[in-house]
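The values are calculated or read from the model by the stated rules, or taken from the named source; none is laboratory data. All values reported here derive from a predicted model rather than from experimental measurement. Methodologically, a virtual Cβ is constructed for each residue, glycine included, from the backbone with ideal geometry; neighbour enumeration extends over all protein chains shown. Surface accessibility is based on the protein's heavy atoms, side chains included, excluding ligands, DNA and RNA. Shrake-Rupley method; radii C 1.70, N 1.55, O 1.52, S 1.80 Å.
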Amino acid sequence: MAQEYEQLLLKNQLCFPLYACGRKIVSAYTPYLKPLGLTYTQYVVLMVLWEKESVNVGQLGSTLRLDAGTLTPLLKRLEKDGYITRARSKEDERVTVINITQAGNALKKKCKDIPAKIACSNSALTKDEAQKLYKLLYKFLEESEC
């Protein structure tokens, strides 16, 4: 390939290893989440709700960096499964508030060991390397204009 197209080589793209690693990590969760009937995205929604109990769709989207078009179908599914409720805010009916249910909170106990299982399966990085990568990724998310 001509030198003027060097920037188009896959090996020169930061986005590709991030994309491939993201897919690999998410797929590592499947054996633990599938028996619970959850996708990875539903799992991270529940993680936010386990922490906050109640959040509006805008806050949830901002926290997870997901748009309403992505969130709406998975929230409908979580509601259908009885893990969350959705209701209009009393202060502003344009805002939809998501609340965790007792059934949603009960999943927390079933999921509590998943992070440790994922950490054990990730032997490619030392704990220190993983912490450095975590900090770098969040730095990129917070400071990048891409």
Name the residues in segment 105-134 that are within 30 Å of S54 (Cβ to Cβ) and either outside any helix (DSSP H, G or I) or open to solvent by 80 Å² or more (accessible area, probe 1.4 Å) (or both), would you? K108, K109, K110, K112, D113, K117, Y134
Going by the conditions given, is S89 touching a residue at least 24 places away in the same chain (Cβ under 8 Å) and out of contact with any helix residue (DSSP H, G or I) (no Cβ under 8 Å at 6 or more places or on another chain)? yes
Answer yes or no: is there a residue in segment 67-78 that is loosely packed, with under 12 Cβ neighbours inside 10 Å, more than 25 Å from P17 (Cα to Cα) and either of a type in the set (K, R) or in contact (Cβ under 8 Å) with a residue 40 or more places away in the chain (or both). no
